[in-house]
Amino acid sequence: MQNQDFYRARIRKLLDEKNAILLAHCYQEKAIQDIADFVGDSLELARVASKTTAGTIVFAGVRFMAETAKILNPDKRVLLPDPEAGCSLADHCKPEDFASFKALFPDHMVVSYINTGAAIKAMSDYVCTSSNAENIIRAIPEDQPIIFVPDKNLGAYLCKVTGRDMVLWDGSCMVHEAFSLEKLIQLHRKYPQAKVVAHPESEAAILRIAHFIGSTAQIREYVRTQEAETFIIGTEAGIIHQLENDAPHKQFIPLPPEENNSCACSECAYMKLNTLEKLYRCLADESPEVQLEETLLKNALRPIEKIFKISP
Ligand code: 13P
Ligand code: SF4
């Protein structure tokens, strides 16, 4: 195994030689965030992917994000360093199961969270991210019934803030649903001045206590603009790297999961599958590449494009 400098230098060289852009989600390991051309949340990354002139997009994130980049750029090569980089939300919403579920509610529109496979997007009327989900729901006429898929926690939060009674698919994020309410209360006692921020994929009990609820980018903006010095972070701990870059003098405390949870820390095991070495190899080999069938690419594009029309 080579050291990080070895991979860093070669990755940047290959990116230049191959007219490639490296996009990284804020949940990636620090070393990957530091060499990326752009680091952001899923909406920002989809936006950058839709505008890039690079011929190849290397996506340091998870599969549904790389698939979204491919749907937006069917003629470009999209590389995903580890093909096993899934997502508990996307992986537990199988197209055949969702098709049967959707058939139970023929009058409903489908709003799918971006954390789904391309086939679910193709069955949707709108695709949203956590940054713009509320705006999208509010833009749909009030008498139009909605199925929201696949995150029941984000769905319940959206029902609460918009007053809509949406039908929810029973999915959840294994990282955000693992946060411990008891540990949050203990941390709150220890740091009474701290502001609690949480991603809306977290459970209702955590969201009830949070001072601020928002997507990854919205949390960054909140932290940047608050006078508070200490923040308890109710989302994947990778975000802390960007928070520290944005506000080096502030203190960030990751919210831990329940004891005995399969997530030992507040990190997404799928996101952390990507490494500098895998990144280097996928650029050198131009593989693994995201491949999607043509009809699927076309049908999934329509609801995704609406992301950019209804801005957060
Ligand atoms: P963002 O839309 O905030 O980037 O969230 C993506 C995600 O996977 C959260 O777990
Ligand atoms: Fe999926 Fe949760 Fe990981 Fe985000 S943090 S990619 S929602 S498993």
Looking at region 214-226 only, could you name the residues that are of a type outside the set (F, W, Y), under 24 Å from Q186 (Cβ atoms) and more than 11 Å from ligand 1 (Cβ to nearest atom)?
V223, Q226
Inspect all residues belonging to region 33-46 and state whether any of them is within 16 Å of ligand 1 (Cβ to nearest atom), among the hydrophobic types (A, V, I, L, M, F, W, C), surrounded by fewer than 19 Cβ atoms within 10 Å (Cβ to Cβ) and under 27 Å from C173 (Cα atoms).
yes
For region 5-56, name all the residues that are of a type in the set (S, T, N, Q), over 16 Å from the mean Cα position of the chain (by Cα) and either within 16 Å of ligand 2 (Cβ to nearest atom) or closer than 16 Å to P81 by Cα (or both).
T56
Just give me the residues in region 261-306 being under 21 Å from T56 (Cβ atoms), more than 15 Å from ligand 1 (Cβ to nearest atom) and part of a loop (DSSP other than H, G, I, E, B), in sequence order.
T275, E286, S287, P288, V290, Q291, L292, E293
With within 16 Å of ligand 1 (Cβ to nearest atom), surrounded by 19 or more Cβ atoms within 10 Å (Cβ to Cβ) and free of Cβ contacts under 8 Å to residues at least 40 places away in the same chain as the only criterion, which of A90, A85, A69, A49 stands out?
A49
Helices (runs of 4 or more DSSP H) contained entirely in region 182-260, each with at least 1 residues that are hydroxyl-bearing (S, T, Y):
216-225
Within region 231-286, which residues are under 26 Å from I206 (Cα atoms), within 14 Å of ligand 2 (Cβ to nearest atom) and among the polar types (S, T, N, Q)?
T235, N261, S262, S266
Using the structure shown, decide if A300 is more than 29 Å from Y7 (Cα to Cα), in contact with a Lys or Arg (Cβ under 8 Å, 6 or more places away or on another chain) and of a type outside the set (K, R).
yes
Result of the Cβ filter at 9 Å on region 9-32, keeping first residues that are without any contact (Cβ under 8 Å) to a residue 24 or more places away in the chain and partners that are assigned to a helix (DSSP H, G or I), at least 6 apart or interchain, is R12/I35
In region 17-30, which residues are outside any loop (DSSP other than H, G, I, E, B), more than 11 Å from ligand 1 (Cβ to nearest atom) and buried (at least 17 other Cβ atoms within 10 Å of the Cβ)?
A20, I21, L22, L23, A24
Filtering region 162-181 down to residues that are away from ligand 1 (no atom under 16 Å from the Cβ) and outside any loop (DSSP other than H, G, I, E, B), which residue is farthest from P254 (Cα to Cα)?
V167
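Where a number appears in this text, it was derived from the coordinates with a stated rule and is not lab data. Treat the numbers as computed from the prediction; the structure is a model and nothing was measured. Cβ sites come from the backbone with ideal geometry, for glycine too, and all protein chains shown count toward neighbours.
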